[in-house]
1. Answer with yes or no whether Arg125 is in contact with a helix residue (DSSP H, G or I) (Cβ under 8 Å, 6 or more places away or on another chain) and surrounded by fewer than 20 Cβ atoms within 10 Å (Cβ to Cβ).
2. Evaluate the following for Arg150: is it over 21 Å from His79 (Cα atoms) and part of a loop (DSSP other than H, G, I, E, B)?
3. Is there a residue in the stretch 87-100 that is aromatic (Phe, Trp, Tyr), under 22 Å from the mean Cα position of the chain (by Cα) and surrounded by fewer than 21 Cβ atoms within 10 Å (Cβ to Cβ)?
Amino acid sequence: MDKGRINIPFDSPLTAALALLFCLICACTVPQVIILEDTLTAEQHNDLGVIYEKKGLTDLAEKEYLKASGKRDEWMVPHFNLGNLCYQNGDYGRSEIFFRRALERAPGNPDVMNNLANALLMQGRIDEAKKMIEEALVIDRKEEYLDTYRRVLEKEHRQF
């Protein structure tokens, strides 16, 4: 036997106790928190949102659009996409909020005006919808804007 060494057989209760003690000590260590940095750009988050939306994963799409708007708040596209997503889900009040944010960031954008007019129309706010779509039609006379205008006029005539 070497001097300073203890010879413990592997099948002894002391070996089992030491192994158990070692496992307990390792299991009781303090967990480390690792903070990962989001390396995606606003554009990449927005693109990912579009992909999720196309796959029908609207919750994930919304999260990505929100991340995109958080990274680059002045960019109107993620706000516009959030408005479209809310509109498709039937949440016209929320879609209005996002379309208004998009319009603040891109004043005079007729696509945003058209979609905002549709959201207002779905909420029964015909006068506001008419004003908004008329502003869009001054800028551009796309067929989809004319369709929105026709729907506004139809609802307006049904009121009377």
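Each reported figure results from applying straightforward, stated rules to the coordinates on display, with no laboratory input. If you're wondering where the values come from, they're calculated on a predicted model, not measured in any experiment. FYI the Cβ positions are ideal-geometry reconstructions off the backbone, even for glycines, and counts take in every protein chain you see.
1. no
2. On the way: over 21 Å from His79 (Cα atoms): yes; part of a loop (DSSP other than H, G, I, E, B): no.
No, not satisfied.
3. yes
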